[in-house]
Amino acid sequence: MSAPVVRATVRAVSKRKLLPTRAALTLTPSAVNKIKYLLQNKPECIGLRVGVRTRGCNGLTYTLDYIKQKEKSDEEVLQDGVRVFIEKKAQLTLLGTEMDYVESKLSSEFVFNNPNIKGTCGCGESFNV
């Protein structure tokens with residue numbers, strides 16, 4: 001038998017502070033209110049699913065869909081009574097993102113404030129990471 005090349009030691013750590021985990025996606029109060037409003041007329045739906053699709057001039061774009069049941073690989077974000085599910089393909093892309101709902105005189109839309117984005121197109125609909 002040969003001698004081990006590397007040794008490993010296991011230590012029990014007591015009184016270690018656990019850091020709270022952050023949600024993959026956080027919702028602003030405006031986004032929570034709009035999602036509640038959208039779902040009130042759809043009792044069969046349990047929430048919204050956020051995803052990404054390859055589209056647009058810069059690579060990826062967000063998708064939002066009503067869902068009736070959670071997929072096995074979806075990550076669930078529960079905030080203020082609202083359930084938002086992130087599809088598997090979008091989970092790493094959305095990590096640390098804030099979802100907001102903004103209304104102006106010309107438009108009303110969900111806005112994703114994503115720290116992972118490296119570039120966007122001129123119209124703001126597509127992005128790359």
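Taking all protein chains into account, the per residue accessible area for the stretch 31-86 stands at 59 Å² (1.4 Å probe). Modelled this way, with points 7 Å down the Cα-to-C-beta line, the labels at Lys89 and Asn41 are 2.9 nm from one another. Heavy-atom accessible area, probed at 1.4 angstrom with all protein chains present, ranks Asp80, Asp100 as Asp80, Asp100, highest first.
Net charge near Ile35, counting Lys/Arg +1 and Asp/Glu -1 over other residues with Cβ under 10 Å of its Cβ?
+2
The values are calculated or read from the model by the stated rules, or taken from the named source; none is laboratory data. For clarity, every value in this text was computed on a predicted model and none was experimentally measured. With ideal geometry, Cβ positions are generated from the backbone for all residues, glycine too; neighbour counts draw on all protein chains shown. With ligands, DNA and RNA removed, areas are computed over all heavy atoms of the protein, side chains included. Shrake-Rupley method; radii C 1.70, N 1.55, O 1.52, S 1.80 Å.
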